[in-house]
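Report on one structure; see the data block that follows.
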Amino acid sequence: MTSSSEKSTSTVRQLRLVVQADDYEAAVRFYRDVLGLPEQAAYSGADDARVVILDAGRATLEIANPAQKRMIDDVEVGRQVAPSIRVAFEVDDTAATTDRLVAAGAEQVAPPTTTPWHSVNARLDAPAGLHITVFQELRTLDERVDLDGFGTDAGR
């Protein structure tokens, strides 16, 4: 076992979130056609097995401790609502995207809200049982990194 300070010799090339959708067609329509994730590939197999891979742009893995998760729920929604996994999509216009997604069947959990970390975030319950955030950054990372409460663990 290697320590967290040691560099790994392997490189992760892609983060792929795999979600089972009981209503496959509705989920594909929502995420591909309404949210706008371009179709990268699709495969089918025996017994009506189907999968579509949608390009969600740059992927990151956000790991939060329980206190941070509670704080984000409080800021964005005003109460604890998110399960242990929440999917967040950066968009150009949170309000317009929220309206489009609600019209397509998502349930709005909380309206677009300006956060202390300078983004506009909205929460929705979406097809395939996903609890999602759509967010619009109001400042660049370079502008945010110097604000109180921001920083990186790059020095570790």
Exercise for the section: Determine whether the stretch 144-154 contains at least one residue that is assigned to a strand (DSSP E or B) and at pLDDT below 95. Expected result: no
Exercise for the section: Would you check if GLY105 is touching a Pro at 6+ places or on another chain (Cβ under 8 Å) and at pLDDT 90 or above? Expected result: yes
Handout entry: Failed item in (1) assigned to a helix (DSSP H, G or I); (2) of a type in the set (A, V, I, L, M, F, W, C); (3) over 24 Å from LEU17 (Cβ atoms), with ILE72 passing the rest
Key = (3)
Completion exercise
Scanning the stretch 17-69 residue by residue, the ones that are open to solvent by 80 Å² or more (accessible area, probe 1.4 Å), small (Gly, Ala, Ser) and part of a loop (DSSP other than H, G, I, E, B) total 0
Practice task
Answer yes or no as to whether ILE72 is out of contact with any Leu (no Cβ under 7 Å at 6 or more places or on another chain) and closer than 15 Å to THR133 by Cα.
Solution key: yes
Completion exercise
Scanning the stretch 83-113 for residues that are in a loop (DSSP other than H, G, I, E, B) and of a type in the set (Gly, Ala, Ser), the one least open to solvent (accessible area, probe 1.4 Å) turns out to be ALA106
Exercise for the section: Working carefully through the options VAL52, VAL19, find the one that is more than 23 Å from PHE150 (Cβ to Cβ) and under 14 Å from the mean Cα position of the chain (by Cα). Expected result: VAL19
Handout entry: Some residue of the stretch 146-154 being of a type outside the set (A, V, I, L, M, F, W, C), surrounded by 14 or more Cβ atoms within 10 Å (Cβ to Cβ) and over 20 Å from VAL18 (Cα atoms)
Key = no
Exercise for the section: Looking only at the stretch 116-137, count how many residues are surrounded by 14 or more Cβ atoms within 10 Å (Cβ to Cβ) and either hydroxyl-bearing (Ser, Thr, Tyr) or outside any strand (DSSP E or B) (or both). Expected result: 6
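The values are calculated or read from the model by the stated rules, or taken from the named source; none is laboratory data. These figures come from a predicted structure and were not determined experimentally. Neighbour counts are summed over all protein chains in view; Cβ atoms, including those assigned to glycine, are modelled from backbone coordinates with ideal geometry. Keep in mind that these areas ignore ligands, DNA and RNA; they rest on the heavy atoms of the full protein, side chains included. Shrake-Rupley method; radii C 1.70, N 1.55, O 1.52, S 1.80 Å.
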